[in-house]
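What follows draws every value from the coordinates through simple rules; no lab data is involved. As the structure is a computational prediction, the values presented were derived from the model and not from experiment. Using ideal geometry, Cβ is built from the backbone for each residue, glycine included, and neighbour counts are taken over all protein chains shown.
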Amino acid sequence: MVRVEPASFRDPSGRVFYRDGQVFRGLSPVAAQDWRALAATKFFANAVKAGKITATEEAEKTDEWDVVLRHERIPFVSYPFEWSFAMLRDAALLHLDLLQAALAEGLTSKDGSAYNLQWRGASPVFIDVGSFEPARPGEPWAGYRQFCQTMLYPLMLQAHLGLDFQPWLRASVDGVEPARMRKLFGGARRFKAGVLKHVHLHDAVQSRNARSSTGEVRAELRDAGFSAELVKATVRAIDKLVRGLDWQPPASHWTAYQQTCTYSDADRAAKVEFVEAVLSKKSSLTLDLGANDGTYSRLAAKHSDYVVAVESDAAVVDKLYRDLHNEGERRVLPIVMDLADPSPGIGWRGRERASFEQRADADTVLALAVIHHLAIGRNVPLPEIVDWLAALGRRVVVEFVEPADPMAQRLLANKPEGLFPDYRRDVFEKLLGERFTVEHRAELPSGTRTLYCGVRRAG
Amino acid sequence: MVRFVNFVPCGEREATMRLAYLDAGSGSLIVQAVVAGAAGMAVAVKLYWRRLTGRFRRRAEAPTDND
């Protein structure tokens, strides 16, 4: 059965579709010409070999398309609003790196979207092979505005203002517009790196030229002497700017974070032992919900083809990503997401980019030390939480923290007494047993935490 | 005399149509000249100079009732 990728409609010269678990891209006659030009370049072969562009080969042609390409499948599709600062920056640098290599061989990219990139663990990979086309002399980069809106501006928000960019990207599939950025960068902020040109001037020129068509402006620029060398100089300047953007959370963030890690050494050792024992069965995809510093994601990676480490703290994800990236890890993907407010579907009809739940079809779900945060911290009813776990994966490894536990006490102290009469181990065990066959159970030495491993019941 | 200013030669207009899936933004194209550095800045100045002189030229060549 053929399923068309809902996000691939924007460029009508091609379409991505899935058949028999494989990813294909159908190309129109024009896109087929562009593909042949790309396939003949050295940079494309080198980038595929280095894992920078998704592996691509020609597949059997269909009646509908001139050329059909088969792409390597990405283990888990994530979106820019789920990435940390360093992830978005590395993705942006890869996009610019490939664009520079393409320009050197007479090609360019017709867009500049952060959605052109995906991940193999902690390594970015460019997936939109249909983006490349022969460059036209004297024309600036068509993807510049999209690059600004989906990558450069979000990076500036975080690096210059310390604002988490994820909610901005999640709010709009097209990213942050220059006019909106300009309002945020008033006063002395306009003098921060890149802001005058890429934000203020960009918005001013855009609003003064709103009535000129891009065709007219392209011709004017060509007549005024805009050259291929200038396109290269533009991309080099953007690359230099992006490399200079950095963000580190304030030291106080880590102090606060440490207070959420309250395990005794004995509990920690017992928990590792339990998780390692129940994970010995091979999984293709494991979700680690509330991954923190990634200890259990790394452990799961020994027994899984791929692990997605989900954590709501963007600073923690950023540190985990940097560590994994430096280690060259390609099987653990860290993402930023609040478990009580998971990524919804966004874009056209809310289907262009799928919700987290639609993308998460895991063999194993780790939910260690998260249930109490959802049930007490966010008031999510226990039956809802257990249903949600069953929707995400076939097997669950879950930890229940009793109300008497110091961490649960800290959360309960912020709520009226008696608000959660059903937050009890016996109630949780009953609910878990209705949806899962519990195969293993272990109480941690502290006596206030219990671990379970269950397999989802049929039906 | 009425003079039509055609910025895009016919063949190139087709090429432009090929690019049209994404609206690159007129201002986003022009600002790249400034981003490119001194040589690009010269291109931007030339573009605006041509626009300015073009405006005067068009005004001077504007048709009269006698035309």
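By what distance, in whole Å, do the Cα atoms of the range A:36-164 stretch along each of the three principal axes, largest value first?
50, 39, 28
When DSSP assigns beta bridges and you keep just the ones with both residues in chain A, what percent turn out antiparallel, to the nearest 5?
Of the beta bridges lying entirely in chain A, close to 65 percent run antiparallel.
For the range A:75-130 and the range A:277-319, what is the separation of their C-alpha centers, rounded to whole Å?
24
Residues of the range A:417-459 with amide nitrogen under 13 Å from the 7 Å Cα-to-Cβ point of A:Ala277?
What the label zone holds, given the 13 Å backbone N cut-off, is A:439-445, A:451-453.
Just check the range A:123-166 against the gyration tensor rule for me: Cα atoms, a ≥ b ≥ c as the square roots of the eigenvalues, rounded for a/c under 1.5, and otherwise prolate or oblate depending on whether a/b exceeds b/c.
oblate
What's the percent breakdown of Cα-Cα distances in the protein assembly as shown across 20 Å bins, shortest bin first?
20, 47, 25, 7, 1, 0
Using a Förster distance of 30 angstrom, determine the FRET efficiency expected from the C-beta separation of A:Ala59 and A:Asp323, and round it to 0.05.
Efficiency at R0 = 30 Å is approximately 0.20.
Output the 0 to 90 degree angle, nearest 10, between the alpha-carbon long axis of helix A:382-392 and the longest principal axis computed from the alpha carbons of chain A.
50
To the nearest 10 degrees, how steeply does helix A:228-244 sit against the main Cα axis of chain A, on a 0 to 90 scale?
30
Using unit Cβ charges (K, R positive; D, E negative) and no other charged atoms, how large, in debye to the nearest 20, is the dipole of the range A:239-333 about its Cα centre?
Using only the charged Cβ atoms, the result is roughly 280 debye.
Would the range A:180-285 count as rounded, prolate or oblate if I go by the C-alpha gyration tensor, calling it rounded below 1.5 in a/c and otherwise prolate when a/b exceeds b/c, oblate otherwise?
prolate
Could you give the angle, 0 to 90 degrees to the nearest 10, between helix A:425-435's Cα long axis and the longest principal axis of the Cα atoms of chain A?
60
Run a plain Debye calculation on the range A:255-377 (Cα atoms as equal point scatterers, no solvent) and give log10 I(q)/I(0) at q = 0.13, 0.16, 0.21 Å⁻¹, rounded to two decimals, same order as the q list.
Result of the Debye calculation: -0.56, -0.84, -1.37.
With a ≥ b ≥ c taken as the square roots of the eigenvalues of the C-alpha gyration tensor of the range A:80-225, please select rounded if a/c is under 1.5 and otherwise prolate if a/b is larger than b/c or oblate if it is not?
The shape class here is oblate.
With Kirkwood's inverse mean 1/r over C-alpha pairs for Rh, give me the Rg to Rh ratio of the range A:215-255, two decimals please. If you can, show how the numbers build up before the last one.
Numbers: Rg = 18.9 Å, Rh = 13.4 Å.
Expressed as Rg/Rh, it is 1.41.
To two decimal places, what compactness ratio does the range A:267-311 give when its Cα radius of gyration is scaled by 2.2 N^0.38 Å?
1.06
So between A:Glu229 and A:Glu177, what do we pick up on full extension, going 0.36 nm a residue minus the alpha carbon distance?
Numbers: separation 52, 0.36 × 52 = 18.72 nm, distance 2.75 nm.
So the extension gain works out to 16.0 nm.
Could you line up A:His95, A:His71 from fewest to most neighbouring Cβ atoms inside 10 Å?
Ordered by Cβ neighbours within 10 Å, fewest first: A:His71, A:His95.
Over all directions, average the projected area of the Cα convex hull of the range A:73-135 and note it in nm².
Answer in nm², one decimal: 4.2.
Taking each residue in A:195-205, count the Cβ atoms of any other chain within 10 Å of its Cβ, then average. What number comes out?
Taking all residues of A:195-205 together, the mean is 4.
Leaving out same-chain residues fewer than 8 places away, which aspartates and glutamates sit with a Cα under 16 Å from that of A:Lys240?
The reachable aspartates and glutamates, counting only those whose Cα sits under 16 Å from A:Lys240, are A:Asp90, A:Asp97.
Just how far, in whole angstrom, is the range A:365-441 from the range A:201-260 if you go by their alpha carbon centroids?
The range A:201-260 and the range A:365-441 have Cα centres separated by 45 Å.
Working from the alpha-carbon coordinates of the range A:320-433, get Rg over Rh, Rh being the Kirkwood radius.
Taking Rg over the Kirkwood Rh, I get 1.03.
Tell me which lysines have Cα within less than 26 Å of A:Lys302's Cα, excluding those fewer than 8 residues away on the same chain?
Leaving aside lysines fewer than 8 places away in the same chain, those within reach of A:Lys302 are A:Lys49, A:Lys52, A:Lys271, A:Lys281, A:Lys282, A:Lys319.
Could you pull out every one of the lysines with an alpha carbon less than 21 Å from that of A:Lys183, ignoring same-chain neighbours closer than 8 positions?
Leaving aside lysines fewer than 8 places away in the same chain, those within reach of A:Lys183 are A:Lys192, A:Lys197.
Arranged by the count of other C-beta atoms within 10 angstrom, fewest first, what order do A:Ser213, A:Ser28 take?
A:Ser213, A:Ser28
Let me confirm one metric for peptide A:132-140, namely the mean number of other chain beta-carbon atoms within 10 Å of its residues' beta-carbons.
Neighbouring Cβ atoms belonging to other protein chains average 3 per residue here.
Return A:Lys319, A:Lys240 ranked ascending by Cβ neighbour count within 10 Å, so the fewest neighbours appear first.
Arranged by neighbour count, lowest to highest, A:Lys319, A:Lys240 become A:Lys240, A:Lys319.
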